[in-house]
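S.K.: Provided herewith is a single structure, encoded as structure tokens, for subsequent inquiry.
The values are calculated or read from the model by the stated rules, or taken from the named source; none is laboratory data. What you are looking at is a predicted structure, and each value in this text was computed from that prediction instead of being measured. All Cβ positions, glycine included, derive from the backbone under ideal geometry; neighbour counts span all protein chains shown. To get the accessible areas, we keep the full protein, side chains included, count just its heavy atoms, and leave off ligands, DNA and RNA. Shrake-Rupley method; radii C 1.70, N 1.55, O 1.52, S 1.80 Å.
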Amino acid sequence: MKQKSFTRLVSGLLMGTILVAFALTAAMSNYYIRQNLIENAIETGQRNVKADDVSLSAYLSFLGRSSRELYYNTGIYTVLYEPSHNYEDSASIFTYLQSLVNLSDGREILQIYMNLYSSGKSYLVGRSGRAIGDGDYQAAIPESLGPYQAFCEGVHLSHTYDIAALETEAAEVCTFHWNIYNTMGTQVIGTLSIDVLIDKLASYLSSVERGNPVYLLSEEGTVLYQNTDVLSESAQQELLQKNTAGWMEIRDSSFQGVAFVQKVSSDLVSWRIVELKTNEELFGPANQILLWQILLMAVAALICIGVAVLTIFHLMKPLRELKNYAKAVEKGNLTADIRQYTHYQRPDEIGALIVHMENMMATVNEMFIRQQKLSQAHRNVEMKMLLAQINPHFIYNTLQSISTLALMHGDKESYRLLVRLGAEMQYSMNLEQEVVKLQQEKEYIENYLVLQQQRFDGRFQFEILLEPGTESITVPKMSLQPLVENAIKHGKIHQIPGGFIRVRAKKVEETLEITLEDNGKGCSEERYKELNEILANPREEDVYVKEHIGMRNVNYRLRLLYGEKVRMILGPSIWNGGKVTIRIPLDQYEGGPIFESIDCR
């Protein structure tokens with residue numbers, strides 16, 4: 001009964017929390033999504049009208065460059081000064097003007113008119129033909145217009161510039177006029193006029209292709225182009241007062257929405273591009289998305305409540321089973337099988353918890369078994385050392401007395417060797433430590449090698465290098481001395497001229513790497529392969545074998561302390577001798593074995 005009450009309580013709290021959370025989420029997301037959708041729509045509108053400005057300005061820049069082409073065409077520019085033109089001069093001018101007309105791939109240019117003051121002649125070239133006149137038509141270019149600047153004549157019906165010989169069908173055009181100057185730019189020698197079809201000019205506005213209401217307004221407020229008539233004159237004047245690009249909301253009797261305004265960034269004109277979007281276009285998608293969002297949230301809330309209630313009831317069973325397993329472990333049954341208590345195997349948090357607990361108990365059991373083996377191996381070493389001792393303290397004290405006597409008689413070399421031998425005995429007789437710092441092991445093998453040098457009359461040299469930061473890393477006691485002894489016993493470095501052994505320790509990423517190299521008698525490739533296979537698969541019996549006891553014993557103890565990631569690899573050195581490489585992972589145990597503070601004896 002208590003369990004049911006608890007389940008109902010949790011279910012009620014969870015249902016209330018879900019409902020409140022969904023209500024708050026719906027309200028907040030309703031506000032922010034609506035704002036974001038509106039901002040995105042406005043940003044898109046501004047980006048579109050800016051793109052229209054780029055396209056239109058690019059074409060107007062093309063017109064400006066076309067008007068200046070004649071200054072770089074020396075053949076044509078020279079003819080402009082002539083007081084009279086023969087047939088070849090006229091043909092050259094017609095050809096040049098026709099080339100300007102043909103440059104317009106979209107057939108935007110209807111015709112081009114050139115009036116020359118020196119000859120009193122005028123030339124008209126268009127899509128319908130070409131003709132020569134007497135220059136009776138004078139373009140109304142303001143005197144205040146600067147050199148090489150253009151004057152834009154507003155939208156009007158095209159005409160033949162008083163040249164009766166050419167008849168064309170009238171069309172709405174926008175004319176750009178330029179004065180033609182002499183080489184010094186101080187005297188006007190003629191005019192150049194280009195008629196551009198206004199509907200072709202509007203084709204550069206992508207908004208027209210999208211079917212949106214678009215206006216092209218002059219600086220004076222004249223409508224140069226429109227594909228719809230929804231703005232009143234007051235709204236148009238209000239748009240003209242907006243000097244910078246942007247948007248503004250319009251609430252007019254004929255239109256309610258947003259107008260995106262962009263001033264054409266061209267030196268030829270002072271126009272404004274206006275693209276209109278109704279409120280329905282702007283806010284319609286936002287309202288529809290928000291409606292669907294509310295519906296989906298309501299459905300999701302109901303589903304979540306149902307799933308949450310079912311989950312609570314189903315989760316209780318594996319949790320109770322896990323509790324029973326924990327009680328069994330608490331009573332001391334460390335070998336209890338968790339699968340006998342629960343069959344829950346879903347890949348969720350509870351399944352992961354069960355797997356982790358199972359792995360944790362397996363690791364704990366493995367740690368105890370490994371520690372028991374390590375303790376047994378250590379006791380075997382202690383037993384051998386105890387059997388080999390003959391009143392060790394008496395021998396150590398006797399060595400101290402002999403070394404003191406040697407020093408008193410001035411035999412410093414004997415004193416030095418006796419001190420090293422005493423340190424060797426003291427280190428080896430200390431049975432309390434299973435692991436030591438690498439610096440201690442280094443000092444031990446250094447004493448050992450010095451004594452061996454004395455024994456073999458200095459017929460070999462040695463070098464021991466510890467990279468800074470490795471000295472305090474813990475390693476099994478007596479782990480390097482057996483390997484150094486192998487170099488002397490099996491490598492025979494004392495029998496080779498220039499015998500040499502080098503011991504080096506360094507960190508390689510998260511691994512301690514210890515290498516022992518010599519130039520003694522190495523092994524064959526097959527022998528190295530055989531020994532590496534033995535070292536890769538250590539056995540407990542390796543502690544007790546007599547042959548290669550040092551190498552295999554050290555490898556076995558390293559595996560017990562640091563796990564399966566430890567590697568001991570044999571191979572030839574660069575001097576054709578032997579090389580032993582030991583790699584100890586540091587990331588798992590952070591520089592020390594996990595059993596350093598555990599004693600199962």
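S.K.: Scan the range 476-508 residue by residue and report those that are assigned to a helix (DSSP H, G or I), open to solvent by less than 50 Å² (accessible area, probe 1.4 Å) and not β-branched (Val, Ile, Thr). Break it down stepwise before answering.
M.R.: Start the filter on the range 476-508 by keeping residues that are assigned to a helix (DSSP H, G or I), which leaves 481-489, 493-495.
Retained after the next criterion (residues that are open to solvent by less than 50 Å² (accessible area, probe 1.4 Å)): 481-484, 486-488, 493-494.
Gln481, Pro482, Leu483, Asn486, Ala487, His494, listed by residue number.
S.K.: While we're looking at this one, here's another question. Determine whether Glu153 is in a loop (DSSP other than H, G, I, E, B), under 23 Å from Val269 (Cα atoms), among the acidic types (Asp, Glu) and open to solvent by 10 Å² or more (accessible area, probe 1.4 Å). Full working, then the answer.
M.R.: On the way: in a loop (DSSP other than H, G, I, E, B): no; under 23 Å from Val269 (Cα atoms): yes; among the acidic types (Asp, Glu): yes; open to solvent by 10 Å² or more (accessible area, probe 1.4 Å): yes.
No.
S.K.: Quick one: Ser84 ticks every box in (1) in contact (Cβ under 8 Å) with a residue 40 or more places away in the chain; (2) of a type in the set (Gly, Ala, Ser); (3) open to solvent by 50 Å² or more (accessible area, probe 1.4 Å) bar one, so which box is it?
M.R.: Unmet condition: (1).
S.K.: Within 30 Å of Glu69 (Cβ to Cβ) and of a type in the set (Gly, Ala, Ser), is that true of Gly190?
M.R.: Details: within 30 Å of Glu69 (Cβ to Cβ): yes; of a type in the set (Gly, Ala, Ser): yes.
When the stated conditions are applied, Gly190 passes them.
Yes/no per residue for (1) touching an Asp or Glu at 6+ places or on another chain (Cβ under 9 Å); (2) without any contact (Cβ under 8 Å) to a residue 12 or more places away in the chain; (3) of a type in the set (Phe, Trp, Tyr):
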| position | (1), (2), (3) |
| --- | --- |
| Ser479 | yes, no, no |
| Pro482 | no, no, no |
| Gly498 | no, no, no |
| Ala505 | yes, no, no |
| Ile514 | no, no, no |
| Glu530 | no, yes, no |
| Ile534 | yes, no, no |
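S.K.: Kindly indicate the residue of the range 509-524 that is open to solvent by 20 Å² or more (accessible area, probe 1.4 Å) and in a strand (DSSP E or B) and also modelled with the highest pLDDT among those meeting that condition. Talk me through it step by step, then tell me what you get.
M.R.: Kept after step one, since they are open to solvent by 20 Å² or more (accessible area, probe 1.4 Å), are these residues of the range 509-524: 509-511, 513, 519, 521-524.
Within this subset, residues satisfying the condition of being in a strand (DSSP E or B) are 511, 513.
Details: Thr511: 89, Glu513: 92.
For the range 509-524, the residue satisfying everything is Glu513.
S.K.: Could I ask something else about it? So Ala91 fits all but one of (1) at pLDDT 90 or above; (2) among the hydrophobic types (A, V, I, L, M, F, W, C); (3) assigned to a helix (DSSP H, G or I); (4) open to solvent by less than 20 Å² (accessible area, probe 1.4 Å); what number is the exception?
M.R.: (4)
S.K.: Looking at (1) open to solvent by 40 Å² or more (accessible area, probe 1.4 Å); (2) over 25 Å from Val10 (Cα atoms); (3) part of a helix (DSSP H, G or I), which one does Ala328 not meet, given that it meets all the others?
M.R.: Among (1) open to solvent by 40 Å² or more (accessible area, probe 1.4 Å); (2) over 25 Å from Val10 (Cα atoms); (3) part of a helix (DSSP H, G or I), the lone unmet condition for Ala328 is (1).
S.K.: Determine which single condition Tyr113 fails, assuming it passes every other condition in (1) within 19 Å of Thr78 (Cα to Cα); (2) open to solvent by 30 Å² or more (accessible area, probe 1.4 Å); (3) touching a Leu at 6+ places or on another chain (Cβ under 6 Å); (4) among the aromatic types (Phe, Trp, Tyr).
M.R.: Here Tyr113 meets the rest and fails (2).
S.K.: Just checking, how many residues over the range 183-224 are open to solvent by less than 40 Å² (accessible area, probe 1.4 Å) and in contact (Cβ under 8 Å) with a residue 40 or more places away in the chain?
M.R.: Number satisfying all stated conditions: 22.
S.K.: Would the range 543-557 turn up any residue that is at pLDDT 90 or above and either over 25 Å from Gly469 (Cβ atoms) or open to solvent by 80 Å² or more (accessible area, probe 1.4 Å) (or both)?
M.R.: Initially, the range 543-557 is screened for residues at pLDDT 90 or above, giving none.
No, that holds for no residue.
S.K.: Going by the structure shown, is Ile38 modelled with pLDDT under 80, in contact with a Cys (Cβ under 6 Å, 6 or more places away or on another chain) and in a helix (DSSP H, G or I)?
M.R.: Numbers: modelled with pLDDT under 80: yes; in contact with a Cys (Cβ under 6 Å, 6 or more places away or on another chain): no; in a helix (DSSP H, G or I): yes.
Judged against the criteria, Ile38 is not a match.
S.K.: Within the range 313-320, is even one residue open to solvent by less than 30 Å² (accessible area, probe 1.4 Å), farther than 28 Å from Val223 by Cβ and either aromatic (Phe, Trp, Tyr) or touching a residue at least 60 places away in the same chain (Cβ under 8 Å) (or both)? Give the derivation first.
M.R.: Keep residues of the range 313-320 that are open to solvent by less than 30 Å² (accessible area, probe 1.4 Å), which gives 318.
Those left that are additionally farther than 28 Å from Val223 by Cβ: 318.
With either aromatic (Phe, Trp, Tyr) or touching a residue at least 60 places away in the same chain (Cβ under 8 Å) (or both) added as a condition, the list becomes none.
No, the range 313-320 contains no residue that is open to solvent by less than 30 Å² (accessible area, probe 1.4 Å), farther than 28 Å from Val223 by Cβ and either aromatic (Phe, Trp, Tyr) or touching a residue at least 60 places away in the same chain (Cβ under 8 Å) (or both).
S.K.: Of (1) buried (at least 18 other Cβ atoms within 10 Å of the Cβ); (2) at pLDDT 85 or above; (3) not in a helix (DSSP H, G or I), Glu441 satisfies all except one. Which?
M.R.: Unmet for Glu441, out of (1) buried (at least 18 other Cβ atoms within 10 Å of the Cβ); (2) at pLDDT 85 or above; (3) not in a helix (DSSP H, G or I): (3).
S.K.: Return the residues of the range 199-213 that are of a type in the set (A, V, I, L, M, F, W, C) and within 15 Å of Arg47 (Cβ to Cβ); say none if nothing qualifies.
M.R.: Pass one, the range 199-213, residues of a type in the set (A, V, I, L, M, F, W, C): 201-202, 205, 208.
Of everything in the range 199-213, just one residue is of a type in the set (A, V, I, L, M, F, W, C) and within 15 Å of Arg47 (Cβ to Cβ), namely Leu205.
S.K.: Among (1) surrounded by 13 or more Cβ atoms within 10 Å (Cβ to Cβ); (2) touching a Gly at 6+ places or on another chain (Cβ under 8 Å); (3) outside any strand (DSSP E or B); (4) not β-branched (Val, Ile, Thr), there is one condition Pro147 misses while meeting the rest; what is its number?
M.R.: So Pro147 meets the others, but not (1).
S.K.: Can I ask one more? I'd like to know if the range 192-202 contains one or more residues that are over 17 Å from Leu276 (Cα atoms) and either at pLDDT below 85 or touching a His at 6+ places or on another chain (Cβ under 6 Å) (or both).
M.R.: Residues of the range 192-202 over 17 Å from Leu276 (Cα atoms): 192-201.
Now narrow it down to the ones that are either at pLDDT below 85 or touching a His at 6+ places or on another chain (Cβ under 6 Å) (or both): 193, 201.
Yes, some residue in the range 192-202 is over 17 Å from Leu276 (Cα atoms) and either at pLDDT below 85 or touching a His at 6+ places or on another chain (Cβ under 6 Å) (or both).
S.K.: Name the pairs: first residue in the range 47-73 and part of a helix (DSSP H, G or I), second residue of a type in the set (Asp, Glu) and at pLDDT below 85, Cβ to Cβ under 8 Å, at least 6 apart or on different chains?
M.R.: Pairs that qualify, where the first residue is part of a helix (DSSP H, G or I) and the partner is of a type in the set (Asp, Glu) and at pLDDT below 85, are Gly64/Asp267.
S.K.: Restricting to the range 331-360, count the residues that are farther than 27 Å from Ser11 by Cα, outside any helix (DSSP H, G or I) and in contact with a Lys or Arg (Cβ under 9 Å, 6 or more places away or on another chain). Working first, answer last.
M.R.: If we filter the range 331-360 for residues that are farther than 27 Å from Ser11 by Cα, which is where we start, we get 331-340, 355-360.
If we keep only those that are outside any helix (DSSP H, G or I) too, we end up with 331-337.
Next cut, in contact with a Lys or Arg (Cβ under 9 Å, 6 or more places away or on another chain) only: none.
Result for the range 331-360: 0.
S.K.: Restricting to the range 453-475, name every residue that is in contact with a strand residue (DSSP E or B) (Cβ under 8 Å, 6 or more places away or on another chain), assigned to a helix (DSSP H, G or I) and touching a residue at least 24 places away in the same chain (Cβ under 8 Å). I'd like the intermediate steps shown before the answer.
M.R.: Here is the first cut: in the range 453-475, the ones in contact with a strand residue (DSSP E or B) (Cβ under 8 Å, 6 or more places away or on another chain) are 453, 459-467, 469-475.
Okay, now just the ones that are also assigned to a helix (DSSP H, G or I), so 453.
If the condition is that a residue be in contact with a strand residue (DSSP E or B) (Cβ under 8 Å, 6 or more places away or on another chain), assigned to a helix (DSSP H, G or I) and touching a residue at least 24 places away in the same chain (Cβ under 8 Å), then no residue fits.
S.K.: Go through the range 121-144 residue by residue and tally those that are touching a Gly at 6+ places or on another chain (Cβ under 8 Å), assigned to a loop (DSSP other than H, G, I, E, B) and open to solvent by less than 30 Å² (accessible area, probe 1.4 Å).
M.R.: Of the residues in the range 121-144, 1 are touching a Gly at 6+ places or on another chain (Cβ under 8 Å), assigned to a loop (DSSP other than H, G, I, E, B) and open to solvent by less than 30 Å² (accessible area, probe 1.4 Å).
S.K.: Under 8 Å by Cβ, and 6 or more places apart or on different chains, what pairs join a residue from the range 90-112 that is on the phi > 0 side of the Ramachandran plot with one that is open to solvent by less than 10 Å² (accessible area, probe 1.4 Å) and not basic (Lys, Arg)?
M.R.: Partner pairs satisfying both residue conditions: none exist.
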